[in-house]
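Laboratory data are not the source of any read-out in this text; all were calculated from the coordinates shown. Everything quoted here is computed from the prediction, not taken from an experiment. Glycine also receives a Cβ, built like all others from the backbone with ideal geometry; neighbour counts cover every protein chain displayed.
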Amino acid sequence: MSKVVCPGSFDPVTNGHLDVIERVAVQFDEVVVTVVVNPNKQGMFSVEERLDMLRVATKDLPNVQVDAWQGLLVDYATANGATAIVKGLRGANDFDYELQMAQMNHKLTGVDTLFVATNPRYSYLSSSLVKEVATYGGDVEDMLAPHVHAALLARIAQRKAAK
């Protein structure tokens, strides 16, 4: 049985993320979408909120599970029986960064990293850019699942009201 880990911050999950997850789910028996927690970064959404958004977004993919991890991703992969890490790549800048990480991960544990080219429809998308555009009133509705879009707008309104 093939099991892979598909990591990210998913703050929030975009349609680009979901496209990669859906495509990977067709290729492997089990996909664990893993919210990687960076204690040095404060996200717009809590880890639990991101997990909930991912669970709703992937509910129709029976072989996809959602989890969170803080620490070395390869430790998570080996502890959970994953044979590979799958990363979506938007372009050359992503590749340069991800290749170095993939090589380090392989050196540490022997776990391979597989790269999936992002669908060109989503190659410009990043969670950071979506949050920034939405914060300034730009329309990002078609870049996110409806429940994620609603959560993003609600969080931005909440933050503006608190100022």
Applied in sequence order to the stretch 128-141, the curve 6.51 cos²θ - 1.76 cosθ + 1.60 (Karplus, θ = phi - 60°) yields integer Hz couplings, x standing for Gly and Pro, of 4, 5, 4, 4, 5, 4, 5, 4, 9, x, x, 8, 10, 4
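Arrange I156, I85 by Cβ neighbour counts within 10 Å, fewest through most, would you?
I156, I85
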Which entry is the computed percent of Cα pairs over 29 Å apart for this structure: [x] 16; [y] 58; [z] 12? [x]
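How high is the FRET efficiency from D67 to I156, r the C-beta distance, R0 30 Å, rounded to 0.05? If you can, show how the numbers build up before the last one.
Details: r = 27 Å, r/R0 = 0.90.
My answer for the efficiency is 0.65.
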